[in-house]
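The values are calculated or read from the model by the stated rules, or taken from the named source; none is laboratory data. Nothing here was measured: the structure is a model prediction, and the numbers come from that model. FYI the Cβ positions are ideal-geometry reconstructions off the backbone, even for glycines, and counts take in every protein chain you see.
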Amino acid sequence: MTGWFVLGALVVLFVLVGGMYNRLVRLQVRGEASWRDIDTLLRKRADLIPNLVETVKGYATHEQELLSRIAEARSASLKARSPKEQGEADDMLQSTLKSLFAVVENYPDLKANTNFMSLQRSLEQLEGEIARSRRYYNAVVRDLNTAVQVFPQNLVARLFNVRGREFYTLPSEDMREPPEVSFSR
């Protein structure tokens, strides 16, 4: 009788540990997949930027310093590997792009260029998708990090070396503010 009880307790323990382990693995996979989604969108944005820069070059030839800063920021964004590095690179890229759009205001022909307008709309759409993906990533990271820290899942996480992930955070205070929208174009 005692043997059956011990065997039953071991089966229940095995099922509980297995369930907790599977949940942790699912959260890890979702975290990695959501980071890859962000990475894909960032690459799309990086591919769009040279076209935007080339369009501006045709009109604003004396803005070379700004255009080279955009190229540097784009390169840093592509090289970033962690959420912290990506946040810092995005901060730099966002500020250089804001400068670019401010400069564009001085070139009415460029503002009226349909290619430029199309690229600008595409960039705005990508930025919205990137923001949504970051929110989803942070939600998955929150769930994973919570699961890794709460009892009894923390024991299972330690047993199988399951670690939490780093949140995506905005390093700059300006990026925490909503963008300024102007309809005076």
_Tell me whether the range 2-12 contains one or more residues that are assigned to a helix (DSSP H, G or I), of a type outside the set (S, T, N, Q), surrounded by 12 or more Cβ atoms within 10 Å (Cβ to Cβ) and out of contact with any helix residue (DSSP H, G or I) (no Cβ under 7 Å at 6 or more places or on another chain)._
no
*Pick from the range 87-105, criterion out of contact with any Asp or Glu (no Cβ under 9 Å at 6 or more places or on another chain) and farther than 17 Å from residue 54 by Cα, ranking: surrounded by the most Cβ atoms within 10 Å (Cβ to Cβ)*: 90
*Filter the range 64-98 for residues that are assigned to a helix (DSSP H, G or I), at pLDDT 85 or above and over 16 Å from residue 46 (Cα atoms) and give the result.*
83, 84
*Please find, among 30, 74, the residue that is over 30 Å from residue 162 (Cβ atoms), of a type outside the set (S, T, N, Q), crowded, with 17+ Cβ neighbours inside 10 Å and in contact with a helix residue (DSSP H, G or I) (Cβ under 6 Å, 6 or more places away or on another chain).*
74
*Boolean, residue 79 is out of contact with any Asp or Glu (no Cβ under 7 Å at 6 or more places or on another chain) and within 21 Å of residue 122 (Cβ to Cβ)*: no
*Tell me, yes or no, whether the range 129-151 has at least one residue that is farther than 20 Å from residue 44 by Cα, more than 25 Å from the chain's Cα centre (by Cα) and at pLDDT 80 or above.*
yes
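For every residue, the table says whether it meets (1) in contact (Cβ under 8 Å) with a residue 40 or more places away in the chain; (2) over 27 Å from residue 143 (Cβ atoms); (3) in contact with a Pro (Cβ under 9 Å, 6 or more places away or on another chain).
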| position | (1), (2), (3) |
| --- | --- |
| 4 | no, yes, no |
| 8 | no, yes, no |
| 12 | no, no, no |
| 19 | no, no, no |
| 42 | yes, no, no |
| 60 | yes, yes, no |
*Quick one: which of 27, 48 is within 30 Å of residue 111 (Cα to Cα), in a helix (DSSP H, G or I) and in contact (Cβ under 8 Å) with a residue 24 or more places away in the chain?*
48
*asked:* I'd like the residue in the range 62-71 that is in contact (Cβ under 8 Å) with a residue 24 or more places away in the chain and over 21 Å from residue 112 (Cβ atoms) and, out of all such residues, is surrounded by the most Cβ atoms within 10 Å (Cβ to Cβ).
replied: 70
